[in-house]
Amino acid sequence: MAETNDHSVANGALLFDPPSNLQNEAHVKSMQQYQKMYKQSIEDPETFWREISAQFYWKSPPTGKFFEYNFDVGKGPISIKWMTGAKTNICYNMLDRHIANGLGDKVAFYWEGNDPNDFGKITYSELLARVSKFSNVLKNLGVSRGDRVAIYMPMILDLSVAMLACARIGAIHSIVFAGYSSESLAERILDATCSAIITADGVWRGTKLLNLKKIVDDALKICDEKGHRVEKCVVVRHLSPSDEIVKTNGDFEEEPEACRPSRKLKINWQPGRDIWWHEMMTSASSECEPEWMDAEDPLFMLYTSGSTGKPKGVLHTIGGYMLYTATTFKYVFDYQPDDVYWCTADVGWITGHSYVTYGPLGNGATGLIFEGTPFYPNAGRFWEIVDKYRVTKFYTAPTAIRALMKFGDDFVKKYKRDSLKILGTVGEPINPEAWLWYYRVVGNSKCAIVDTFWQTETGGHVLTPLPGATPTKPGSATFPFFGVIPALLTEEGKVIEGPGEGYLVFKQPWPSLMRTVYGNQERFETTYFKKFPGYYCTGDGAKRDEDGYIWITGRIDDMVNVSGHLLSTAEVESALITHKSVAEAASVSHPHSIKGECIYCFVTLKQGAEYTNDLVTELKNIVRAKIGPFAQPDFLQNAPALPKTRSGKIMRRILRKIAVGDRNLGDTSTLADESVIDVLFQNRPNNA
Ligand code: PRX
């Protein structure tokens, strides 16, 4: 059945015009308007962003150039600077500024717990009071401007409070997704030398009780052993009074899985270091003068996987990040004052930083924070919440859409979704089938779909449709946002004009591009700027069609995108080789119907070791323990030997083919020993 607003185009892809009711109220109502604004944004970025910056509060204006940069490694250090010398405070702009404009009683966030009976809300004034109190708590604990603070928390309002409080006093937050293992958490704390950590006792995820404090205890123990002491650990008492907390003074074994779900949580408590959040908050003042920061001072670091296996602390600064997240939020979700906006991403990822917290608050919007999962208590949970709060703009990941699609349409149709106007996706390429289901079933063929391409490094959307202007094609992130100049390059660095496929790069910085890798400028330059001098290199491939639409084809480095989470194959391999029986390991990406991609590992065992089901379980568990449950490989196979070049380099291209059972291997002439190939095909697991 043909939709009212779609029609076929020459290259066979469907084209969907913006819904007309949305178009009438949209900030950008046509492609002509988009093109005009885009042209100005790239020809005169300074004027474009200076005008936008006037909507924010600045204690004093920039002292130097509004915008300066060097993208060319041949011309000195890579540097990106916006509004240097201007003084501001992002927390003031997120809260005080709106309250001064009369929005004090507006809801800043609704909160929905894991349990549908748990919910709450907080207004802008209440949020400011709570943030100010916690800012004073941090100060009383000795945290000051420039200090790094780790945050390892569930999706609760206090998570936003914690990050805004850091921003208010000029401390740099480093949020670690509360699904990472204690080892991963410790690695990040050590890299950033955090002096304090904020966490919660535990959290229910679906029917599972996670002992967050225990993970933090273990991480802090690792830090102690490595000579770095985290002085303070603030713990939110999040579990209900019926969840009994037993404090111990030393180590203890975690309860066996079989005992769960018990409501008893044992946590280690170090007096002096560990402090209850609520105890500190009672005596703290609810007024705190913001620390006036430079636009180019760091706001936060967020770790993202690197192809060497060691995570990179992506550093973002205050002024540019504030402008860009607020502006993309306004245009991409076509923000209107009566919106109820919901982004389902965890704040532990960049999407949660930019589009749960800073982007919406930068506009004085009403957002929603959800603690639970899409499947608990059943697969209708998302749509039940949309119905309950009359959500107007909804933003989620393709992996969630694909997973929910499998449960059928009834879970969706059971709930009212007539409030919805814009549906967004992020994190990985969306397959047209999932796009169409999202459009037709969830959106009732009435909403605009915005497929937003961006990265932890880019800070905000860089390729995206504008909902009232851009005709969309399922699976394409369409065109650049204001200020962004994409290009496709050949392997040799030649610019591809017109239709074609190549490396996706960007020609000049927009305000929220990362500034450096924390503590490692050299790695920053090597990773993103060495391959193609003069460009920021995304690490993604893309193609441009006859109509100029850009389609992301996926990573072109050794990264795997599992359910929208980037992992490096090296990270998984280093976990596997810590097992006593493993001599060598290689992991590659493998297509997965829900996760998009999953991890497929080849392991070569030491002499005498036996490849058994128990070993496979142990290896999966090692990856869970070293990185986190979300990194667990889906497939493992015995590899008596790996395909290597004569110089000993593993040929991953061939392993990717073996993983999917494709015997069409291409050129194998550089292989040192061709006989390994047959053995590897024979050893493929039955379920692969
Ligand atoms: O490969 C691209 C993919 O996710 C990568 C960035 O991952 P991360 O830094 O974790 O940030 C995810 C949330 C912004 C990109 O290099 N990616 C992200 N969005 C899309 C995408 N691939 C295709 N389409 C997208 N819309």
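For this structure, a couple of remarks:
- In terms of the mean number of neighbouring beta-carbon atoms within 10 Å, the peptides 313-323, 663-673, 464-474 order highest first as 313-323, 464-474, 663-673.
- Of all DSSP beta bridges confined to the chain, the antiparallel ones make up roughly 55%.
- Looking at region 298-441 alone, DSSP beta bridges between its own residues are antiparallel in about 40 percent of cases.
- Fraction of beta bridges assigned by DSSP in region 563-682 that are antiparallel (%, nearest 5): 75 percent
- The slack between K310 and I222, meaning 0.36 nm per residue of separation minus the straight C-alpha distance, is 30.0 nm.
- A protection proxy built from the mean count of other Cβ atoms within 10 Å ranks the segments 13-21, 103-111, most packed first, as 103-111, 13-21.
- Cut-off 12 Å between beta-carbons: net charge of the residues surrounding K106, Lys and Arg +1, Asp and Glu -1: -3
- Carbon/sulfur fraction of accessible area - the chain, other protein chains in place, 1.4 Å, %: 50 percent
- Placing unit charges on the Cβ atoms of the charged side chains and taking the dipole of the chain about its Cα centre, the candidate lying farthest along the positive direction among A688, T526, F16 is T526.
- A straight Cα-to-Cα reach below 15 Å connects K106 with the aspartates and glutamates D96, E126, D338, D339, residues fewer than 8 places away in its own chain not being considered.
- Take every Cα pair under 8 Å whose residues are at least 6 apart in sequence, average their separation, divide by the length of the chain, and the relative contact order is 13 percent.
- Proximal lysines to K75, defined as alpha-carbon separation beneath 26 angstrom and excluding residues fewer than eight positions away on the same chain: K65, K312, K494, K507, K530, K531
- Think of each Lys and Arg Cβ as +1 and each Asp and Glu Cβ as -1; about the Cα centre, that makes the dipole of the chain roughly 260 debye.
- Average Cα contact separation per residue, region 563-682, under 8 Å, 6 or more apart, as relative contact order %: 23 percent
- Calculated [θ] (222 nm, deg cm²/dmol) that DSSP helices of n ≥ 4 give over the chain, each run adding -39,500 (n - 2.57): -8000 deg cm²/dmol
- Per residue, the chain exposes 38 Å² of accessible surface when a 1.4 Å probe is rolled over the protein heavy atoms with every protein chain present.
The values are calculated or read from the model by the stated rules, or taken from the named source; none is laboratory data. What you are looking at is a predicted structure, and each value in this text was computed from that prediction instead of being measured. All Cβ positions, glycine included, derive from the backbone under ideal geometry; neighbour counts span all protein chains shown. Quick note on the areas: whole protein, heavy atoms, side chains included, nothing else; ligands and nucleic acids left out. Shrake-Rupley method; radii C 1.70, N 1.55, O 1.52, S 1.80 Å.
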